[in-house]
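Below is one structure, written out as structure tokens; the observations come after it.
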Amino acid sequence: MAVDQISSEPLSKDQAYALVDAVMEQDDLALTASAHEDEATGLWVFEAGCDSPAPLASFSELAQQTLGIAVQFSVAPLDPEINWVARSLEGLAPVIAGGFYVYGSHETAPVPAGLTPMKIDAAQAFGTGHHETTTGCLEAINILLKRRRPRRMIDVGTGTGVLAIALAKRTRTAVIASDIDPISVTTTRENAEHNGVGKLIIALEATGLTHPVIMQNGPYDLIVANILAGPLMALAPAVGQAAQKGAAIILSGILEHQAQGVINAYMRQGMTLTQKLQRKEWTTLMLQMK
């Protein structure tokens, strides 16, 4: 598969990171998105890796919508034999959130005492623990597990499996981890094995909550979904049907201005908002089924 790298003209730090967040919110626009500082000038550059031919018009339109200015982009071909998703994320520092310590295999420092370690390497699936949506979910999981111990759990749109693995490590109970992407399912199984919970993670390729295994194992007392606001709202009726009375629901991938729309969609399914966590412009919602 041919891969192109798109680079922006020099931007401010805030502009570059705003573009990264905007691209991450889009479905299938890019494989990777990152921001880098030019040490010589102090200016920042947005970079993204995407399937060739690069959709320059889409990036230009998104930049105009996000930043309110026209941004010039350049394109260069990349070696298709290199996993550019992994390459772009190599060397990321460990993340501490909700009492979890998420790190890559390149990390040599010992795990700090009192934290639950999870080794999650960069891969061709979303979720190394570094994005605010993931750290928000880890914090929500930590809050929830101090109050109750769920027994029937599912992580919808699992990505690399980081949230399902977090639940399995803390509860030592089986967790279903589903995703529409077969690469994510494979990655989740590998990460579960590397973290010693391979037998507790049931990784499935599935759209929504209609897979036979998902339906047979419900109703659930914990449903986690870190995807995007639009798919979350579309998923609300299915979540309402899959959740048992009193179930906890953790939702993320939601920009602050989208939060009320997601809340309304789930309130119509008989859920109430119990807590809202904010990390930069990203929101994580904690709800409960009545």
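The values are calculated or read from the model by the stated rules, or taken from the named source; none is laboratory data. Keep in mind that this is a model prediction, so the values were computed, not measured. For neighbour counting, all protein chains shown are included, and Cβ atoms are generated from backbone atoms with ideal geometry for every residue, glycine included.
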Filter pass, Gly261 being at pLDDT 95 or above, small (Gly, Ala, Ser), under 16 Å from Ala168 (Cα atoms) and under 21 Å from the mean Cα position of the chain (by Cα): no
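Which ranges mark the strands (runs of 3 or more DSSP E) fully within segment 1-60 that have 1 or more residues being in contact with a Pro (Cβ under 7 Å, 6 or more places away or on another chain)? Step through it out loud before you land on a result.
Numbers: elements: 3-8, 32-37, 44-51.
Strands (runs of 3 or more DSSP E) meeting the threshold: 3-8, 44-51.
Per-residue answers, yes or no, for (1) closer than 19 Å to Arg268 by Cα; (2) crowded, with 16+ Cβ neighbours inside 10 Å; (3) of a type outside the set (S, T, N, Q):
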site: Ile165; (1), (2), (3): no, yes, yes
site: Arg172; (1), (2), (3): no, no, yes
site: Asn195; (1), (2), (3): no, yes, no
site: Val213; (1), (2), (3): no, no, yes
site: Asn217; (1), (2), (3): no, yes, no
site: Ile223; (1), (2), (3): yes, yes, yes
site: Gln244; (1), (2), (3): yes, no, no
site: Ala248; (1), (2), (3): yes, yes, yes
When segment 230-256 is checked residue by residue, the ones that are under 23 Å from Asn142 (Cβ atoms), under 17 Å from the mean Cα position of the chain (by Cα) and not charged (D, E, K, R) are Leu232, Ile249, Ile250, Leu251, Ser252, Gly253, Ile254, Leu255
Out of the residues in segment 1-40 that are touching a residue at least 12 places away in the same chain (Cβ under 8 Å) and of a type in the set (D, E, K, R), state the one that is surrounded by the fewest Cβ atoms within 10 Å (Cβ to Cβ). Asp27
Does segment 123-140 contain at least one residue that is among the aromatic types (Phe, Trp, Tyr) and part of a loop (DSSP other than H, G, I, E, B)? yes
If I ask for residues that are modelled with pLDDT under 80 and closer than 15 Å to Phe73 by Cβ, which ones from segment 36-48 would you list? His36
Taking the condition of being surrounded by 12 or more Cβ atoms within 10 Å (Cβ to Cβ), of a type outside the set (Val, Ile, Thr) and not in a helix (DSSP H, G or I), how many residues in segment 61-73 meet it? 1
From (1) modelled with pLDDT of 85 or more; (2) in a loop (DSSP other than H, G, I, E, B); (3) not aromatic (Phe, Trp, Tyr), pick out the condition that doesn't hold for Pro80. (1)
